[in-house]
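K.L.:
Encoded as structure tokens, here's the structure I'll be asking about.
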Amino acid sequence: MLLPLVTVALGLAVLTWSADRFVNAAAATASRTGMSTMLVGMTVVAMGTSAPEMVVAVFAALDGVPDLATGNALGSNIANVGLVLGATALVRPIPVPFSLVRRELPLLLGATGVTGYALANDILGRFDALILLVMMIFSIWWLVRADTPDTAPTDAIPDMTLKRALSWLIVTLLLLSLSSRALVWGASELARGLGVSELVIGLTIVAVGTSLPELAACVASALKRQHDLAIGNVIGSNLFNLLTVLPIPAIIAPGAPHPDAAGRDYRVMLLLTLALAILLLWQRQGRLGRPIGAAFLASYAAYLAWLGFSGGAALE
């Protein structure tokens, strides 16, 4: 058991370090195109911070543990709202721009609904993956089409030359692949050795580990008062997790999703997403304050406690 523990720890450390550098390099490259901070957060930064989930999903499906990939996608979304957004709002209240409610929020709600359909039809297959991927393409097109450039430059994006940014992109993508491979192996071994289902391992250890880049990026953005980058990262990452990460096990290892994924975990994700949507609609042109952040963190802690004490933690 020592080797899997060490492997998971090293994998998470390298994963977090490399994803952070990947985000910096990707954001620096994108900033030269004149994109808005919100669009950078929802596309480049969100894609970068979701890269660990994507790579983990590929290796988990190839290793014959698609439940780990499914649990990682759903668990990361739960962690993004409960842990990442909650902690960010607790550090500094997040202003809610009206454009977010009008353009980006409907995409997330639509993706959440389509995901529910895909999980509820007793098989997560290639047709479901096709629907999700088509919706991802539409979402990117819609975001780019509706984008309005910032009126002032942002200091949240590092100042890099294009050559240096591209070099960092290549190096960090390689590190993401290697560290994610190690993480999947270690998590799978822990699941078997401890008698914990791979779905729950994906929902907890792997999901939190692969959500650390989002947490770091969002807290740093909030501290720099670049709030569009923070909330755009959360919503964009959740979109990528549902529409890009979840199709991976459906394509590589199609089959029936774990009953808990379609029931317990999707419902928790749905409730948190709906709660976020209601708060954004209520607070539009307002802000998500510290009480809301504390409530999200408490909800996430309750979810982890539920996983720990539920019968779903036992290996079936």
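K.L.:
Being within 30 Å of Gly255 (Cα to Cα), surrounded by fewer than 19 Cβ atoms within 10 Å (Cβ to Cβ) and at pLDDT 75 or above is true for just one of Val134, Val171. Which residue is that?
P.N.:
Working: Val171 fails: within 30 Å of Gly255 (Cα to Cα).
Only one candidate qualifies: Val134.
K.L.:
Being in contact with a strand residue (DSSP E or B) (Cβ under 9 Å, 6 or more places away or on another chain), within 28 Å of Leu281 (Cα to Cα) and crowded, with 24+ Cβ neighbours inside 10 Å is true for just one of Leu39, Leu85. Which residue is that? Talk me through it step by step, then tell me what you get.
P.N.:
On the way: Leu39 fails: in contact with a strand residue (DSSP E or B) (Cβ under 9 Å, 6 or more places away or on another chain).
Going through Leu39, Leu85 in turn, the sole match is Leu85.
K.L.:
I've got another one for you. For Thr244, which of the numbered conditions (1) closer than 19 Å to Ile205 by Cα; (2) at pLDDT 90 or above fails to hold?
P.N.:
Exception for Thr244: condition (1).
K.L.:
Return the pairs, sorted by first residue and then second, in which the second residue is surrounded by fewer than 21 Cβ atoms within 10 Å (Cβ to Cβ) and outside any helix (DSSP H, G or I), the first residue lies in the stretch 261-276 and is free of Cβ contacts under 8 Å to residues at least 12 places away in the same chain and of a type in the set (Ser, Thr, Tyr), the beta carbons are less than 8 Å apart, and the residues are 6+ apart or on different chains.
P.N.:
none
K.L.:
Do you know which of the residues in the stretch 96-125 that are farther than 19 Å from Ser237 by Cα and loosely packed, with under 13 Cβ neighbours inside 10 Å is nearest to the chain's Cα centre (by Cα)?
P.N.:
The qualifying residue nearest to the chain's Cα centre (by Cα) is Tyr117.
K.L.:
Right, here's the next one. Against the condition part of a helix (DSSP H, G or I), among the polar types (S, T, N, Q) and more than 23 Å from Ile140 (Cβ to Cβ), how does Thr29 come out, does it pass?
P.N.:
On the way: part of a helix (DSSP H, G or I): yes; among the polar types (S, T, N, Q): yes; more than 23 Å from Ile140 (Cβ to Cβ): no.
So Thr29 does not fit the description; no.
K.L.:
Taking the stretch 265-303 as the search range and keeping residues that are assigned to a helix (DSSP H, G or I) and at pLDDT below 85, which one is nearest to the chain's Cα centre (by Cα)? Before you say what the answer is, go through the steps one by one.
P.N.:
To start, the set of residues in the stretch 265-303 that are assigned to a helix (DSSP H, G or I) comprises 265-282, 290-303.
Subset that is at pLDDT below 85: 280-282.
On the way: Leu280: 19, Leu281: 22, Trp282: 24 Å.
Only one residue tops the list, namely Leu280.
Rundown of residues vs (1) out of contact with any strand residue (DSSP E or B) (no Cβ under 9 Å at 6 or more places or on another chain); (2) not hydrophobic (A, V, I, L, M, F, W, C), yes/no style:
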| residue | (1), (2) |
| --- | --- |
| Ile205 | yes, no |
| Thr210 | yes, yes |
| Asn233 | yes, yes |
| Leu239 | yes, no |
| Ile248 | yes, no |
| Ile252 | yes, no |
| Leu276 | no, no |
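K.L.:
Given the conditions (1) in a helix (DSSP H, G or I); (2) touching a residue at least 24 places away in the same chain (Cβ under 8 Å); (3) buried (at least 20 other Cβ atoms within 10 Å of the Cβ), report the number of the one that Val44 does not fulfil.
P.N.:
(2)
The values are calculated or read from the model by the stated rules, or taken from the named source; none is laboratory data. Here the structure is a predicted model, which is why all the values come from computation and not from measurement. Every residue, glycine among them, receives a Cβ derived from its backbone with ideal geometry; neighbour counts consider all protein chains shown.
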